[in-house]
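First up is the structure itself, then whatever we jot down about it.
Values in this text are rule-based calculations from the coordinates and carry no lab data. If you're wondering where the values come from, they're calculated on a predicted model, not measured in any experiment. Reconstructed Cβ throughout: ideal geometry from the backbone, glycine too, with neighbour counts over all protein chains shown.
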Amino acid sequence: MKEKFSIGFALIGCGLMGDRHAQVLSSIANARIVSAYDLDESRGKDFSEIYKCQFSSKIEDAINMEDVDAVLIASPSYLHAEQAMIAGKLGKHVLIEKPLATDIDSCNSLIQFFEDNQLTLSVVSQKRYHPDVQSLKIALEQDVLGDIFLFEISINYHRDDHYFKQAPWRSSGDESGGGVLMNQGIHYLDLLLWMLGPYKKISGFTKTVRPDYQEEDVAVGIIELINGTLGVMTASTVTYPNSPEQLSIYGTRGSCTIVEGEGIVGWSHKDEIKQPEFKNDLVIPNEIPSKLSSMYRNHLDFVESILNSKETKIPVRESMAVVEFVKDFYEISS
């Protein structure tokens, strides 16, 4: 088999997130966008002109092009499982936006199929790649903060009517898989479970504040992890003004708070030990805006995992775990 030196992508979904992913892929030396597909043909054609790739009006044609090695799925959530399976059956690796799927059965089916066929399946988890997040992960692995006994996670957004009107699937539970937890909260909930471990018990409440919105736009929870750590969670899309996600972790020797877009904003230690240094020599291309730098690291890892036949840093079963968390929360709060 001929050795590959670059990965050709089909990009499925040419909206806001598709454009961000395309910016990143276009800046990776050993990646290229070969083709694109979108339900909105006009938008897909405009996208293809910008990124100089082939637009296909059928998803199978976009994926099955000879130079396509992998598929990046940035379409509405309800299409993730179906489109990923199409790609897998055509022998392509898949990088997919959160969530992996909107139900657990589909998650399991995808994982099993890709494992059986030795294809890479990974979920975009760019927040894990932020240097300060990596630094905190190292601190937790080295028990720098002592025994962790408490966490607080806040995911409070403000999403106006335009946000939902421009993409009506966002307000449909059947198509999005839920409300604030599945669509916004899932990113920092993934960080929580990755850093502190799986959950044991959840209790909580949901509420709908926005008129004519069918899913939860407020969620409050109390969480017990398997290791005994307790925590509280708030999530919303109706708080004003928009607040960045925040995760605070408290241990017997110190505490840390990390805020989306700012990194670690609070680090305290009884013995005045500084936060561990995360050493990374990776140079982010100048054309990548700072808000996409972690996504660049995420996508580069995916590309290199295929080229070097190695595991990605984001095990797909961890990405299913956060979907399980959200679905369990919905069940207990209904």
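Report the one residue of Ala321, Ser171, Thr208 whose Cα lies farthest in the direction of the positive end of the charge dipole of the chain (charges on C-beta: Lys and Arg +1, Asp and Glu -1; origin at the Cα centre). Most positive-ward Cα: Ala321.
Within straight-line reach of Lys58, meaning a Cα separation under 18 Å, sit the following lysines at least 8 residues removed in sequence or on another chain: Lys45, Lys89, Lys92. Think of each Lys and Arg Cβ as +1 and each Asp and Glu Cβ as -1; about the Cα centre, that makes the dipole of the chain roughly 440 debye. The length gained by stretching the chain between Leu150 and Glu324 to full extension, at 0.36 nm per residue less their Cα-Cα distance, is 60.5 nm.
Look at where the Cα atoms of the stretch 161-219 and of the stretch 271-318 average out, and the two centres are 26 Å apart.
Note that the stretch 175-183 has calculated 3J(HN,Hα) couplings of 9, 9, x, x, x, 4, 5, 6, 9 Hz, one per residue in order, obtained from phi through the Karplus relation 6.51 cos²θ - 1.76 cosθ + 1.60 (θ = phi - 60°); glycine and proline are x. Over the C-alpha trace of the stretch 5-139, radius of gyration and Dmax come out as 14.9, 48 angstrom. Across the stretch 110-127, coupling constants 3J(HN,Hα) worked out from phi with the 6.51/-1.76/1.60 Karplus curve, θ = phi - 60°, read 5, 4, 5, 4, 5, 5, 4, 9, 6, 10, 7, 10, 9, 10, 4, 9, 4, 5 Hz, and Gly and Pro carry x. Taking every C-alpha pair closer than 8 Å and separated by at least 6 residues, the mean separation divided by the residue count of the stretch 128-280 gives a relative contact order of 34 percent. Under the criterion of Cα pairs below 8 Å and six or more residues apart, the relative contact order for the stretch 92-137 equals 48 percent. In the chain the longest region clear of trypsin sites (Lys or Arg not before Pro) that are loop-assigned by DSSP and have at most 13 other C-beta atoms within 10 Å covers 59-269. Over the chain, the ratio between the Cα radius of gyration and 2.2 N^0.38 Å evaluates to 1.00. When the chain is treated as a GNM with alpha-carbon contacts under 10 Å, the residue of Gly177, Gly88, Gly261 showing the greatest mean-square fluctuation is Gly261. When the Gaussian network model of the chain links Cα atoms closer than 10 Å, the mean-square fluctuations of Val180, Val232, Val24 top out at Val232. State, as an integer percentage, the relative contact order of the chain based on alpha-carbon contacts under 8 Å between residues 6 or more apart. With pairs under 8 Å counted, the relative contact order is 19 percent. If you run the Gaussian network model on the chain, springs between alpha carbon atoms under 10 Å, then out of Glu224, Glu141, Glu311 the most flexible one is Glu141.
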